[in-house]
Amino acid sequence: MYEVRIHSRGGQGGVTAARLIALAAFRDGKHATATPFYGAERRGAPIVAFARIDENPIRIYSQVRSPDLVVVLDRTLVPIVDVLKGLKPRGAVLVNSGHAVSLDHMKVHRVDLTGIALDENLVIAGEPVLDTPVLGAIARLGVVSLESATKAIAELFQDPRNVSAAERAYREVVL
Amino acid sequence: MKEIVTANYAIAEAVKQAVPGVIAAYPITPQTEIVERIAQYVARGELACDYIPVESEHSAMAACIGASAAGVRTFTATSSQGLLYMHEMLHWAAGARLPVVMANVNRAVGPPWNVWADHTDALSQRDTGWLQVYVATAQEAYDTTLMAFRIAEDKEVLLPVMVNLDGFLLSHTMQDLETVEPGSFIPPLHLPHAIDPAHPAAYAPLTGPKDYYRFRWEMEKSMRAARRVITRVEKDFAGRFGRRYGVTEEYRCEDADILVVAMGTLAREAEVAVDRLRAEGTRAGVMRLRWFRPFPTLDLTGREVVVIDRDYSFGFGGVLARSLCSAARIEPFSVIAGLGGQEVTYEDIASFVRERRPGEEYWFGVKGDV
């Protein structure tokens, strides 16, 4: 089973990103679940969401405790949340950042999702959209196929800039 | 068609296909997505029904009761405090023999305020005369909702049905769903005692001590008949659509010495715990109870039983554990876990089995003597 934990702030689309991962994995022909962890949080508060992908039906409902991939949509969370908690020994980390991120001497993949969203004018209520472009970067890591990622995005969002932003993130992620 | 949706959406989809004539709705977390989605179907013209946005849950059930009494198929959804606010009307729907179908997204009862999964909301309504079923996947939520209309409206039953699903853990989790074309699986509702202006009659008149008990006995007869009807409908569903359900869902139970009994998502996660325990040489199995009312006849003789309750009856014990004590004459290890969304993993469930103490009660997370 492949498990993903997404760290974001309320309103940044962490929950939607988890749903997109599950939908894309489903389009790849796999079983997948996406679960938000809803706390009493409000917009701006740190939140987590989970996605699981497997060849077989998934019977686990509890939170992901040892993720294969940690996604951080907001790098200001790094000093305040233990984003690496429980990460599998060969697990991967993907951070939304325009420049190199040092995390406990870990190899960190980065992609400037905020920059891409602003560039593509993919902004809702003054906030750059991160949940659709991040799926492109996740596809680059091999978690889901790019084809299914773009299909999943197009299924949920009509604005074609979501797909083009994801394709850019796919190309621009620094591995 | 195959898609991936939350269980809330799965239920809305099933309701759309069952085409109720009246849906009364009042939002409450974590149920809101169900009535929101249904409102969308109605607004887009995909579902032709009277959608009544009422001012409270009490009114939601009252509206369903009124429409159902006129012989119309009805649906509503609620959670927790909303369900409790309906309490009087729940008795009314059952006593008036109205086949209302309702989804209850199980959520803790406050105070302290808590929006997460807990079965005490529904279990505290167990004596209202409603059938109660607990599901564990989006697919099962969808399939069971379709079956609920058929079961409630069966002339041998004519009692309301409550479909229960764990708040957030299931209601907001995306899983795969295969929808069907129910077609003749849900025939039109024919309520024999529907209000008919052409033939005026009195409904629910004062009933004296000489007659009241007979109405109650009729309800109980229908509850007993519901056991047969449930099995018949589940069999018909399997025949038409290929997915098989039972009063209980059993996992690796055949040769099991120890059974974990629970309802909802905890029982499904327990399957992973059982796989671990089996790998250690412990012959364990999971019996997931789907139907809580009518309560099934279970043969648990010769097995040790670990019951997990995501609920509690104060001054007595876990509702499921205590029900099994009396219905199946067993002395289980009673674990109280998952209250108000308390995190319970398959590792935790495996440890409940490893450290079982038959006849005792254990509150997960509570330190010291309990």
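The values are calculated or read from the model by the stated rules, or taken from the named source; none is laboratory data. From a predicted model like this one, the values you see are computed outputs, not experimental measurements. Positions of Cβ are generated from backbone atoms using ideal geometry, with glycine treated the same way; all protein chains shown enter the neighbour counts.
Note on region B:64-75: residues that are of a type outside the set (Val, Ile, Thr) and assigned to a loop (DSSP other than H, G, I, E, B) total 3.
Of the residues making up region B:271-293, just one is more than 20 Å from residue B:166 (Cα to Cα), touching a Leu at 6+ places or on another chain (Cβ under 9 Å) and touching a residue at least 40 places away in the same chain (Cβ under 8 Å), namely B:284. Selection of region B:43-69 for residues being surrounded by fewer than 16 Cβ atoms within 10 Å (Cβ to Cβ) and of a type outside the set (Ser, Thr, Tyr) yields B:43, B:44, B:45, B:46, B:48, B:50, B:53, B:55.
Can you work out which of the residues in region A:86-109 that are in contact with a helix residue (DSSP H, G or I) (Cβ under 9 Å, 6 or more places away or on another chain) and over 12 Å from residue A:73 (Cβ atoms) is modelled with the highest pLDDT? Residue satisfying both the conditions and the ranking: A:109. The set of residues in region A:27-40 that are without any contact (Cβ under 8 Å) to a residue 60 or more places away in the chain and surrounded by 14 or more Cβ atoms within 10 Å (Cβ to Cβ) comprises A:30, A:31, A:32, A:33, A:34, A:35, A:36, A:37, A:38, A:39. Go through the residues of region B:188-198 one by one and say whether even a single one is surrounded by 14 or more Cβ atoms within 10 Å (Cβ to Cβ) and closer than 30 Å to residue A:37 by Cα. Within region B:188-198, none of the residues are surrounded by 14 or more Cβ atoms within 10 Å (Cβ to Cβ) and closer than 30 Å to residue A:37 by Cα.
Note on region B:306-322: residues that are assigned to a loop (DSSP other than H, G, I, E, B) and more than 22 Å from residue B:346 (Cα to Cα) total 3.
Restricting attention to region B:360-369 and to residues that are in a loop (DSSP other than H, G, I, E, B) and at pLDDT 95 or above, the residue that is nearest to residue B:118 (Cα to Cα) turns out to be B:364.
Residue B:278 meets the conditions (1) of a type in the set (Lys, Arg); (2) away from every other protein chain (no Cβ under 14 Å); (3) surrounded by 16 or more Cβ atoms within 10 Å (Cβ to Cβ) in every case but one. The failed one is (3).
Selection of region B:327-359 for residues being in a loop (DSSP other than H, G, I, E, B), out of contact with any Ser or Thr (no Cβ under 7 Å at 6 or more places or on another chain) and either away from every other protein chain (no Cβ under 12 Å) or surrounded by 21 or more Cβ atoms within 10 Å (Cβ to Cβ) (or both) yields B:328, B:329, B:330, B:331, B:332, B:338, B:355, B:356, B:357, B:358, B:359.
Between B:173, B:144, the distinction of being more than 14 Å from chain A (Cβ to nearest Cβ), hydroxyl-bearing (Ser, Thr, Tyr) and closer than 28 Å to residue A:25 by Cβ belongs to B:144 only. Scanning region B:360-370 for residues that are hydrophobic (A, V, I, L, M, F, W, C) and either in contact (Cβ under 8 Å) with a residue 40 or more places away in the chain or more than 13 Å from every other protein chain (Cβ to nearest Cβ) (or both) gives B:363, B:366, B:370.
Taking region B:176-211 as the search range and keeping residues that are of a type in the set (Ser, Thr, Tyr) and in contact (Cβ under 8 Å) with a residue 40 or more places away in the chain, which one is farthest from the other protein chains (Cβ to nearest Cβ)? It comes out as B:203. Within the set A:39, A:86, A:29, the sole residue that is within 11 Å of chain B (Cβ to nearest Cβ) and on the phi > 0 side of the Ramachandran plot turns out to be A:29.
Is it true that residue A:102 is among the polar types (S, T, N, Q), surrounded by fewer than 21 Cβ atoms within 10 Å (Cβ to Cβ) and more than 14 Å from chain B (Cβ to nearest Cβ)? Yes.
Going residue by residue through region B:70-79, is there one that turns out to be more than 19 Å from residue B:18 (Cα to Cα), more than 14 Å from every other protein chain (Cβ to nearest Cβ) and in contact (Cβ under 8 Å) with a residue 24 or more places away in the chain? The answer is no, given that none of the residues of region B:70-79 is more than 19 Å from residue B:18 (Cα to Cα), more than 14 Å from every other protein chain (Cβ to nearest Cβ) and in contact (Cβ under 8 Å) with a residue 24 or more places away in the chain. Could you please let me know if residue B:338 is under 21 Å from the mean Cα position of the chain (by Cα) and at pLDDT 95 or above? Yes: the conditions hold for residue B:338.
Checking the stated criteria, residue B:136 turns out to be buried (at least 24 other Cβ atoms within 10 Å of the Cβ), small (Gly, Ala, Ser) and within 14 Å of another protein chain (Cβ to nearest Cβ).
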